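The values are calculated or read from the model by the stated rules, or taken from the named source; none is laboratory data. Given the structure is predicted, the values throughout are model-derived calculations rather than measurements. For neighbour counting, all protein chains shown are included, and Cβ atoms are generated from backbone atoms with ideal geometry for every residue, glycine included. Surface areas here come from the heavy atoms of the whole protein model, side chains and all, with no ligands, DNA or RNA. Shrake-Rupley method; radii C 1.70, N 1.55, O 1.52, S 1.80 Å.
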Amino acid sequence: MKWTSVNDLREKYLSFFESKGHLRLNSFSLVPNNDKSLLLINSGMAPMKKYFTGEVTPPRNRVTTCQKCIRTPDIERVGHTARHGTYFEMLGNFSFGDYFKTEAIKWSWEFLTEVLEIPKDLLWPSVYEEDDEAYSLWRDVIGVDESHIVKLGKEDNFWEHGTGPCGPCSEIYFDRGEKYGCGSPDCKPGCDCDRYMEIWNNVFSQFNNMGDGTYTELEKKNIDTGMGLERLACVMQDVDNMFEVDSVRNILDEVCKISGKTYGNDKNNDVSIRAITDHARASTFMISDGIIPSNEGRGYVLRRLIRRAARHGKLLGIDRPFLTDICEVAIRENYQGYPELIEKKELIIKVISNEEASFNKTIDQGLKLLEGLMEKGNVLSGEDAFRLYDTYGFPFDLTKDILAENGKTVDEDGFNSLMKEQRELARSSRKASDSESWSSNGINFDNIEKTEFLGYTDNTCEADVLDIVFGGEHISTANEGDKAIIVLDKTVFYGEGGGQVGDSGVISSGEFKFEVVDTKKTTGGVFYHIGNVLSGSVSVGDKVVASIDVGIRDAIRRNHTAAHLLQSALRKVLGNHVEQAGQLVNDKSVRFDFTHFSALTSEEIARVEDLVNNEILSASNVVSKEMPIEEAKKLGAMALFGEKYGDVVRVVTAGDMSVEFCGGTHVDNAGKIGLFHIVSESGIAAGVRRIEAYTGFNTLNLLNYYIDLSTKTAAAVKCSNVNELIEKTAALNEKLKATEKELDKLKTKLASGKTDDIMNNAVDVGSLKLATARLDGVGADEMRKMLDAIREKNPTSVVVLAGVNDSKLVFCVNCGKDAVKCGAVAGNIVKQVAQIAGGNGGGKPDFAMAGGKDLSKVDEALGSAKDILSSMLK
């Protein structure tokens, strides 16, 4: 048993099972593909569920993987113990209806005892207490002594999740020695002490749980093996926990180097060192799979991890941004097994850097607020916790951590209630798509063969009707007026996917005509056509003709190829951190989402447009070709984040500018795109920008609109032609400014004349002069100027004006400096006057304003000013 590195263990395992006829697959993305039940991939078998259920045919019946996994239920515990971590790797060998218990058990023993040379006497198999077959295999075939085979109950050694496939397990435990044990003479696997560590789990999926307490035998039995890579490394490197294995320890050592702390010297420091190590490692892999920090879903998990790591850095006394340094080490330690980490390095560093900087701006303010809130009591209200999260970007888990450190708690129910309200509000604001009335949710096409797609080369084809769905049920015939779903054996209609919308068109035969409004496809490759029966009827087995709307398809082709050119141009202008984060390609426009961390300047937008249009005008060929995935990678073809590809992929090459994996439809020559124009650029999430652009006739229509607009504008400002428009509008603007200045002068002169009239009608109130007036057609700004002039000339004056302009009523009150000394307060006067007219307001002692509602009460309100002022005078 020799010390073996994490990277070597991974390779030894995968190579071993390749030698047993298994297909080695790269790790699936951490982002689940077509599985809404999971936020993140959390086990080796999770991304292969549909292989086990038969919904999707596996590339081979024997598969082996090392799967990246994230588990998040115990994030707040990470760091506090050496057992908890969010990121880990699961080694697995899988059989889909091929080999079963005999081979699975034999190979697990062979790998551990012969390849890794673990002493046999340190290994203890366990079996389900009713699985005599597995017990016999261990005892009679492998030769393990009965004293080293443990029978455990259903809770420990039977895998099931509700109804569906399930079965007994057989685990292999490693004996770590008496120093980890409880001292009991009966200590063996199943004991709660730390002596026996499970390192291998063979799940024998042989039953179907019927949901009523009964089980039936599966026709095709499966093997699902799981073994934690880090846990196996603990055994092979003779260390206590995952933080001590080589690739993780090297990350941890970098944290110590930056912080100047020594691991193992201080309990509190160790908590922070472990938390940073785990979170930086997890964040590195999440970002490499296209996850960007946000306030929802998996993006929020990433944000929590980065911000929790950043805070623990502060607890260690690190006073500068440091997480990118830690992630550099995480990349260095793991790129051998995951070369995409090198490819995505620029993106990983940018995302981490931006998120850490963003958090550093808010954490000090958030901490100060939280410290103040903690002084109120031992339980933080849900409202305060939600305000910290919603307004200041302070993660709820971080709030809980800090409270726990100070012996306090939070009203989680209150916080969750407010979060639920926010989500429901957001959900209600989204409009359901038109196709929902034809939703195929719950419709099963399992018995239908994969549809033959002819749409790359043809616009029409003959086909047989295989299935019809109406009202959520499979039917044999659809009649005129029915909203239905039709499945054909072959089609030219593209099924929505890869950001490209589904095709529309017509399916027909004789009098039968079916308007296809959308086309989708199942994960099993069955295309289904959604639409309306316009005339006649159709039955299963009928022969029909499927014809796409060529005009719409051509527009989609133009936009999809333009999207490829756009991504290439963005990477050239902005940098290789740019990755596609989503897209929508339809006949109207191309909407392209990409990773970038600031708004594009007008110069950058112009450069991107020029690069795309140069390629279009060069009329370069666009070639779509299927090839082995390894060949495609050698060409440098770009792949989509999180997308899983088979052995053979379709690659679209546009001249020398773009090479991408893509299953969509494209023009065959870039010149057919016409012209490309960016109509908008905006931010849609932290670190994600969106560009919307037009091509072809849509660009031409926009150009014609601009020409028409320019021509009409030129005529409106009396230009002989549009070329004079800029000069003419500039001159008009200058003339308008001069006119406005002249108007202001006239208004001031007029106001000066009015002020004399107003003061001529003033009455004495004690030693002060009170003047009131109603001014029709005069606004607040004009009244303010008038009152400023009066105040300078008349220090003992109190003036109350009511301005009525377009049915709006505003009261303004001015008090001269001597009037203020005598006790006059403009704010109090205007408030009482405005209340008579149904309004309210206030202000300073020398000037105040208020609104009014009832124009019929203006005179009464002004008349009240004398009594109001008299009551104030000293």
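Key figures
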quantity	calculated
Test: residue in the stretch 10-25 that is under 21 Å from Leu252 (Cβ atoms), of a type outside the set (Ser, Thr, Tyr) and not in a loop (DSSP other than H, G, I, E, B)	yes
Matching residues in the stretch 580-621 - criterion: being charged (D, E, K, R) and either over 27 Å from Gly290 (Cα atoms) or out of contact with any His (no Cβ under 9 Å at 6 or more places or on another chain) (or both)	Asp587, Lys588, Arg591, Asp593, Glu603, Glu604, Arg607, Asp610, Glu615
Residues of the stretch 483-503 satisfying the condition of being on the phi < 0 side of the Ramachandran plot and open to solvent by 30 Å² or more (accessible area, probe 1.4 Å)	Lys483, Asp489, Lys490, Glu496, Val501
Among residues of the stretch 203-236, those that are over 35 Å from the mean Cα position of the chain (by Cα), in a strand (DSSP E or B) and either surrounded by 20 or more Cβ atoms within 10 Å (Cβ to Cβ) or of a type outside the set (A, V, I, L, M) (or both), counted	11
Residues of the stretch 298-357 classified as among the aromatic types (Phe, Trp, Tyr), open to solvent by 20 Å² or more (accessible area, probe 1.4 Å) and more than 23 Å from the chain's Cα centre (by Cα), total	1
Residue match in the stretch 264-282 (condition: acidic (Asp, Glu), under 32 Å from the mean Cα position of the chain (by Cα) and in a loop (DSSP other than H, G, I, E, B))	no
Complete set of residues in the stretch 6-23 that are open to solvent by less than 40 Å² (accessible area, probe 1.4 Å) and hydroxyl-bearing (Ser, Thr, Tyr)	Tyr13
The stretch 380-412, residues that are among the small types (Gly, Ala, Ser), open to solvent by 60 Å² or more (accessible area, probe 1.4 Å) and closer than 24 Å to Glu355 by Cβ	Ala404
Unmet requirement for Glu681, which otherwise passes all of (1) without any contact (Cβ under 8 Å) to a residue 60 or more places away in the chain; (2) within 28 Å of the chain's Cα centre (by Cα); (3) open to solvent by 20 Å² or more (accessible area, probe 1.4 Å)	(1)
Hits in the stretch 660-678 (condition: open to solvent by less than 40 Å² (accessible area, probe 1.4 Å), in contact with a helix residue (DSSP H, G or I) (Cβ under 8 Å, 6 or more places away or on another chain) and not in a loop (DSSP other than H, G, I, E, B))	Glu660, Phe661, Ala670, Gly671, Ile673, Phe676, Ile678
Number of positions in the stretch 358-379 that are open to solvent by 80 Å² or more (accessible area, probe 1.4 Å) and either closer than 14 Å to Asp411 by Cβ or among the aliphatic types (A, V, I, L, M) (or both)	3
Pair list, Cβ under 9 Å, 6 or more apart: the stretch 644-656 residue over 22 Å from Ala670 (Cβ atoms) and modelled with pLDDT under 90, other residue open to solvent by 40 Å² or more (accessible area, probe 1.4 Å) and not in a loop (DSSP other than H, G, I, E, B)	Asp647/Pro628; Asp647/Glu630; Val648/Glu626; Val648/Pro628
Some residue of the stretch 460-467 being touching a helix residue (DSSP H, G or I) at 6+ places or on another chain (Cβ under 6 Å) and modelled with pLDDT of 90 or more	no
One residue from Gly190, Gly228 being within 20 Å of Thr86 (Cβ to Cβ) and in contact with a strand residue (DSSP E or B) (Cβ under 9 Å, 6 or more places away or on another chain)	Gly228
In the stretch 237-259, residue nearest to Ser5 (Cα to Cα) [restricted to those that are of a type in the set (Asp, Glu) and either assigned to a helix (DSSP H, G or I) or without any contact (Cβ under 8 Å) to a residue 40 or more places away in the chain (or both)]	Asp246
Any chance Ser126 is open to solvent by less than 20 Å² (accessible area, probe 1.4 Å), in a strand (DSSP E or B) and in contact (Cβ under 8 Å) with a residue 60 or more places away in the chain	yes
Residues being assigned to a helix (DSSP H, G or I), within 22 Å of Gly766 (Cα to Cα) and among the hydroxyl-bearing types (Ser, Thr, Tyr) - total across the stretch 823-874	1
The stretch 460-478 - residue that is under 18 Å from Lys543 (Cβ atoms), open to solvent by 50 Å² or more (accessible area, probe 1.4 Å) and of a type outside the set (Ser, Thr, Tyr) and, of those, farthest from the chain's Cα centre (by Cα)	Glu462
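The rows are residues; the columns are (1) open to solvent by 20 Å² or more (accessible area, probe 1.4 Å); (2) aliphatic (A, V, I, L, M); (3) within 17 Å of Leu14 (Cα to Cα); (4) not in a loop (DSSP other than H, G, I, E, B).
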position	(1), (2), (3), (4)
Arg60	yes, no, yes, no
Tyr99	no, no, no, no
Ile105	no, yes, yes, yes
Ile118	no, yes, no, no
Asp140	yes, no, no, yes
Cys166	no, no, no, yes
Cys169	no, no, no, yes
Ile172	no, yes, no, yes
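For every residue, the table says whether it meets (1) under 24 Å from the mean Cα position of the chain (by Cα); (2) at pLDDT below 95; (3) open to solvent by 10 Å² or more (accessible area, probe 1.4 Å).
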{"site": "Ala546", "(1), (2), (3)": "no, no, no"}
{"site": "Ile552", "(1), (2), (3)": "no, no, yes"}
{"site": "Leu566", "(1), (2), (3)": "yes, no, no"}
{"site": "Leu570", "(1), (2), (3)": "yes, no, no"}
{"site": "His577", "(1), (2), (3)": "yes, yes, no"}
{"site": "Asp610", "(1), (2), (3)": "no, no, yes"}
